[in-house]
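The values are calculated or read from the model by the stated rules, or taken from the named source; none is laboratory data. Everything numeric in this text was worked out from a predicted model, so none of it was measured. Using ideal geometry, Cβ is built from the backbone for each residue, glycine included, and neighbour counts are taken over all protein chains shown.
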Amino acid sequence: MLIDSFFSFGLFFFTAIGVLVLFLYLYALVTPYDDYKLIFQENNTAAAIGFGGAILGLCIPLYSALINSASYVDFLIWAAVAMSVQLIFAFVIIRLNAKFSFEKQIENGVISVSVLMAFLSVSIGLLNAGSMSY
């Protein structure tokens, strides 16, 4: 019985970590700038804040999927939904070439814009998570 519990924990936990790692890869593809270069080579705090908000924006609904799923397959489906929603949001908001370009502002290290991006990402994650609590 105890072994089964540890197996279930490991299955769900490492799957969630796998979803997060996949998200880190896909998010970098969705954004038109090189997140990792901006963060690790150029020490761009704005990029790190925006990316961190996106990570939280994914982990909040992932948590909701973990606690509300009826089975492992159910969790996988909701994890895919959570990741898709966050990636679609990032794609749309960052690639909008409106008057106030998130892309250019984040590349230029504008902290206020990245904080807004982070809060928007977390807000989408919260709405996503709340929508999963069926």
**Request:** Please list, ordered by first then second residue, the pairs with beta carbon atoms under 7 Å, 6 or more apart or interchain, first in segment 79-101 and at pLDDT below 90, second small (Gly, Ala, Ser) and assigned to a loop (DSSP other than H, G, I, E, B).
**Result:** none
**Request:** Quickly run through segment 1-60 and pick out the residues that are among the β-branched types (Val, Ile, Thr) and outside any loop (DSSP other than H, G, I, E, B).
**Result:** 3, 15, 17, 19, 21, 30, 39, 45, 49, 55, 60
**Request:** Answer yes if at least one residue in segment 110-117 is surrounded by 20 or more Cβ atoms within 10 Å (Cβ to Cβ), within 18 Å of residue 61 (Cβ to Cβ) and either in contact (Cβ under 8 Å) with a residue 60 or more places away in the chain or not acidic (Asp, Glu) (or both), and no otherwise.
**Result:** yes
